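Reading through the structure tokens given below for one structure.
The values are calculated or read from the model by the stated rules, or taken from the named source; none is laboratory data. Predicted, not measured: the structure shown is a model, and the values here were computed from it. No Cβ is skipped: glycine too gets one built from the backbone with ideal geometry, and neighbour counts run over all protein chains shown. Protein only, heavy atoms only, side chains kept; ligands, DNA and RNA dropped before computing areas. Shrake-Rupley method; radii C 1.70, N 1.55, O 1.52, S 1.80 Å.
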Amino acid sequence: MLQAKIQNDYITPVEKNTDKILEFIKKSIRKSKSSDMKIDISSLNLFDASKVATLASTYHYLKFNEGKIEWLVGSKEVEKMLRPLNLGNSNFIFA
């Protein structure tokens with residue numbers, strides 16, 4: 001079972017395996033009653049953070065098309081990489 005900690009309202013997955021992180025985030029989205037979430041993926045590298053943010057944002061949109069995910073990422077490069085995808089439910093905060 002994937003562990004996570006909650007710090008400053010951010011869900012922070014402890015695992016480094018992106019597939020396990022995605023499963024945990026999807027499970028959190030399914031259980032959530034709130035359409036807004038805060039997730040800290042600042043420990044992930046550029047490509048893993050981009051993968052997790054893209055797939056989880058898409059999954060989140062399917063359940064909460066009016067909701068938002070605030071992603072805490074380690075680099076502005078994540079936002080630059082994902083900007084062309086126009087993930088309207090994602091906001092990026094830089095650690």
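Brief remarks follow.
- Carbon and sulfur %, accessible surface of the chain computed with the full protein complex present, 1.4 Å: 51
- Spin-label model, Ser75/Leu62: points 7 Å from Cα along the beta carbon direction are separated by 2.9 nm.
- Based on Cα contacts under 8 Å between residues 6+ apart, the chain shows a relative contact order of 26 percent.
- Gain upon complete extension [Ser35, Ile93; 0.36 nm per residue less C-alpha separation]: 19.1 nm
- For the pair Lys26 and Asp9, label points projected 7 Å from Cα toward Cβ lie 2.8 nm apart.
- Computed with a 1.4 Å probe over protein heavy atoms only, the accessible surface of the chain comes to 61 Å² per residue.
- The chain, dipole about Cα centre (Lys/Arg Cβ +1, Asp/Glu Cβ -1), debye to the nearest 20: 220
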